[in-house]
Amino acid sequence: MQTTTVLVIDPDEACRAALAGFLKPQGYTVIEARDADSSISMLQTHHIDIILTELRLPRIDGYAFLKKLKTDYAAVPVLVVTGSASVSVAVKAMKTGAEDFLTKPVNSEELHHLLQAILAKKTQQRRAQKAECGAVWYEGIIGSSPAMKKVYQLIDKLAAVDSTVIVYGESGTGKELVARAIHAKSRRAQHPLIPVNCGAIPAELLESELFGHEKGSFTSAYRTRIGRFELAKGGTIFLDEIGDMSPVLQVKLLRVLQEHEFERVGGTKPIKTDIRVIAATHRDLEKAVAEGKFREDLYYRLNVVPIYLPPLRERPTDIPLLVKHFISRFSSEKGKPVETITDRAMECFLHYHWPGNVRELQNIIERVVILNESGVIDCDDLPEKMVRQQRSHLNTPPSSLPSEQNCSFATMVTNFERQLILQALERSAGVKNKAAQLLNINRTTLVEKMKKLNISTKG
Ligand SMILES: Nc1ncnc2c1ncn2[C@@H]1O[C@H](COP(=O)(O)OP(=O)(O)OP(=O)(O)O)[C@@H](O)[C@H]1O
Ligand SMILES: [Mg+2]
């Protein structure tokens with residue numbers, strides 16, 4: 001059973017200590033931060049259930065900070081605990097998105113009750129959201145397609161063990177979300193999750209980024225630096241774009257995975273690690289191994305449990321859920337009430353091929369919501385490429401002609417029939433009655449055809 005983690009943000013050490021002193025005996029895990037910057041890094045690396053923040057912070061206006069929290073970490077409730085005891089401050093804090101407001105000095109019982117009430121409200125909202133959309137929410141991941149449900153089951157299993165995991169998927173499919181979900185549900189949740197983008201950091205800097213360095217180990221090493229492997233102690237390191245790692249570092253990583261120890265650059269003392277490794281890549285690592293670009297031994301070490309995230313175009317049933325989720329999120333974040341989306345516009349979302357997957361969909365909706373004036377999203381609001389693709393979808397024959405010369409008419413018809421049935425089953429989450437309705441045929445006809453075409457709904 002996980003405890004509730006509270007992030008206490010206050011520049012005054014004594015105030016932080018007092019709040020921690022109230023909370024820890026009640027069973028809460030407390031993480032402290034003294035300013036906006038350090039609290040953001042805590043939010044990036046830890047799973048936080050609730051934030052307690054002072055409004056008087058160094059170098060930033062408290063309300064601007066509150067707004068930032070509500071934009072970037074909308075799911076985490078915020079309780080303002082401040083020394084400025086005035087009604088106007090309380091009203092402004094609540095209007096900016098705080099769940100509630102307490103003035104110092106804090107009464108420990110009042111604080112505990114307020115936290116319980118806020119957390120209970122959040123759980124209720126989450127349940128309502130799940131019920132509304134048919135259990136679409138899983139640790140911040142939206143999607144109820146059979147493929148995503150399998151991913152959730154796998155995450156549940158992997159959270160309970162400590163094995164190395166690698167997440168495969170095209171760009172924007174949610175690999176980092178999956179890594180965060182595994183960490184958040186694991187016994188390591190109270191420790192940091194440290195992400196490292198191996199593709200974005202130049203090879204010559206990555207080694208010291210990962211393992212740290214000793215003072216004087218190279219010309220610009222003026223002081224000792226702690227690397228990400230040390231920062232992740234007790235938690236999880238997320239090695240994103242692992243396929244881009246240089247061969248030299250691949251050897252070093254292999255050693256960490258095998259021996260659970262490493263040395264800082266220029267150091268001689270081995271440092272023991274207690275961390276879980278989750279890696280991700282959009283590359284085909286097996287191919288990279290065959291081409292000699294990725295070490296085979298490292299590949300097997302990482303590939304203990306692979307998770308494959310399907311591209312968005314292969315799970316069309318998730319598209320309407322994601323569209324609605326992002327419309328509601330961005331309309332509340334941007335203060336632009338968008339009421340609805342027309343069926344025609346939704347068709348455009350369904351038929352677009354989504355090369356950038358969920359990230360692309362999210363970005364498009366953010367832009368559309370910002371620019372929208374009418375409160376209704378229609379085709380005119382969408383990027384031309386989406387509308388064009390929808391038009392060509394309507395104009396082309398359903399199955400394009402095959403390139404193989406010897407493919408008979410009958411084979412083409414069978415292939416098309418198979419495609420239609422698979423699509424209907426995907427859209428109806430495998431429920432045959434619903435799939436038959438979508439295809440406008442009897443259930444028995446559908447079952448016969450499935451038998452003939454060897455299509456099963458299991459697995
Ligand atoms: N199923 C989902 N539900 C909600 N949001 C999602 C989902 N999948 C992805 N996103 C959002 O899309 C964006 C991209 O997700 P993420 O960074 O996890 O993808 P990625 O696979 O790591 O991409 P890349 O390979 O480009 O790093 C994020 O903002 C994430 O919150
Ligand atoms: Mg990523």
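Can you name the helices (runs of 4 or more DSSP H) wholly within the stretch 309-377 that have at least 1 residues being at positive phi?
Numbers: elements: 318-334, 343-351, 357-371.
Passing ranges, in order: 357-371.
Could you list all residues from the stretch 68-89 that are of a type in the set (A, V, I, L, M) and touching a residue at least 12 places away in the same chain (Cβ under 8 Å)? Steps first, please.
First, the residues of the stretch 68-89 that are of a type in the set (A, V, I, L, M): 69, 74-76, 78-81, 85, 87, 89.
Residues satisfying the conditions are L69, A74, A75, V76, V78, L79, V80, V81, A85, V89.
Any residue in the stretch 154-166 that is under 15 Å from L321 (Cβ atoms) and more than 9 Å from ligand 1 (Cβ to nearest atom)?
Just the residues of the stretch 154-166 that are under 15 Å from L321 (Cβ atoms), to begin with: none.
No, the conditions are met nowhere in the stretch 154-166.
Can you spot a residue in the stretch 257-264 that is touching a strand residue (DSSP E or B) at 6+ places or on another chain (Cβ under 8 Å), part of a helix (DSSP H, G or I) and either within 21 Å of V151 (Cα to Cα) or in the same structural domain as A200 (by TED's automatic domain parsing) (or both)?
The first filter runs over the stretch 257-264 and keeps only residues touching a strand residue (DSSP E or B) at 6+ places or on another chain (Cβ under 8 Å), leaving 257, 260-264.
Now restrict to residues that are part of a helix (DSSP H, G or I): 257.
Checking which are either within 21 Å of V151 (Cα to Cα) or in the same structural domain as A200 (by TED's automatic domain parsing) (or both) leaves us with 257.
Scanning the stretch 257-264, I find at least one residue that is touching a strand residue (DSSP E or B) at 6+ places or on another chain (Cβ under 8 Å), part of a helix (DSSP H, G or I) and either within 21 Å of V151 (Cα to Cα) or in the same structural domain as A200 (by TED's automatic domain parsing) (or both), so the answer is yes.
Which residue out of V289, V277 is without any contact (Cβ under 8 Å) to a residue 12 or more places away in the chain and among the hydrophobic types (A, V, I, L, M, F, W, C)? Break it down stepwise before answering.
Working: V277 fails: without any contact (Cβ under 8 Å) to a residue 12 or more places away in the chain.
Exactly one of V289, V277 is without any contact (Cβ under 8 Å) to a residue 12 or more places away in the chain and among the hydrophobic types (A, V, I, L, M, F, W, C), namely V289.
Yes/no matrix, rows are residues, columns are (1) within 30 Å of S186 (Cα to Cα); (2) crowded, with 17+ Cβ neighbours inside 10 Å; (3) in contact with a strand residue (DSSP E or B) (Cβ under 9 Å, 6 or more places away or on another chain); (4) among the charged types (D, E, K, R):
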residue: S38; (1), (2), (3), (4): yes, no, yes, no
residue: L52; (1), (2), (3), (4): yes, yes, yes, no
residue: L55; (1), (2), (3), (4): no, yes, yes, no
residue: R59; (1), (2), (3), (4): no, no, no, yes
residue: L66; (1), (2), (3), (4): yes, yes, yes, no
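For the stretch 302-310, does any single residue satisfy the condition of being touching a residue at least 12 places away in the same chain (Cβ under 8 Å), more than 16 Å from ligand 2 (Cβ to nearest atom) and over 22 Å from R180 (Cβ atoms)?
Within the stretch 302-310 (the criterion being touching a residue at least 12 places away in the same chain (Cβ under 8 Å), more than 16 Å from ligand 2 (Cβ to nearest atom) and over 22 Å from R180 (Cβ atoms)), the answer is no, since none of the residues qualifies.
Mind listing whichever residues of the stretch 166-190 are more than 14 Å from ligand 2 (Cβ to nearest atom), in contact with a helix residue (DSSP H, G or I) (Cβ under 9 Å, 6 or more places away or on another chain) and not in a helix (DSSP H, G or I)?
Answer for the stretch 166-190, where residues must be more than 14 Å from ligand 2 (Cβ to nearest atom), in contact with a helix residue (DSSP H, G or I) (Cβ under 9 Å, 6 or more places away or on another chain) and not in a helix (DSSP H, G or I): S186, R187, A189.
Check S171 against each of (1) away from ligand 1 (no atom under 16 Å from the Cβ); (2) in the same structural domain as S208 (by TED's automatic domain parsing) and name the one condition it does not meet.
(1)
Assuming F294 fulfils every condition listed in (1) outside any helix (DSSP H, G or I); (2) under 21 Å from the mean Cα position of the chain (by Cα); (3) surrounded by 15 or more Cβ atoms within 10 Å (Cβ to Cβ) apart from one, which condition is it?
Every condition holds for F294 apart from (2).
Output the residues belonging to the stretch 197-245 that are within 15 Å of ligand 2 (Cβ to nearest atom), part of a loop (DSSP other than H, G, I, E, B) and at negative phi. Spell out how you get there, then give the answer.
Of all residues in the stretch 197-245, those within 15 Å of ligand 2 (Cβ to nearest atom) come to 197-201, 236-245.
Those still in the list that are part of a loop (DSSP other than H, G, I, E, B) too: 198-201, 241, 245.
C198, G199, A200, I201, M245 - these are the residues of the stretch 197-245 that are within 15 Å of ligand 2 (Cβ to nearest atom), part of a loop (DSSP other than H, G, I, E, B) and at negative phi.
Would you confirm whether or not the stretch 137-148 contains a residue that is among the polar types (S, T, N, Q), more than 30 Å from I364 (Cβ to Cβ) and assigned to a loop (DSSP other than H, G, I, E, B)?
Step one: list which residues in the stretch 137-148 are among the polar types (S, T, N, Q), which gives 144-145.
Next, only the ones that are more than 30 Å from I364 (Cβ to Cβ) stay: none.
No, the stretch 137-148 has no match at all.
The values are calculated or read from the model by the stated rules, or taken from the named source; none is laboratory data. On a predicted model such as this, the values are computed, not experimentally measured, just so you know. Don't worry about glycine lacking a Cβ; one is built from the backbone with ideal geometry, like all the others, and counts go over all protein chains shown.
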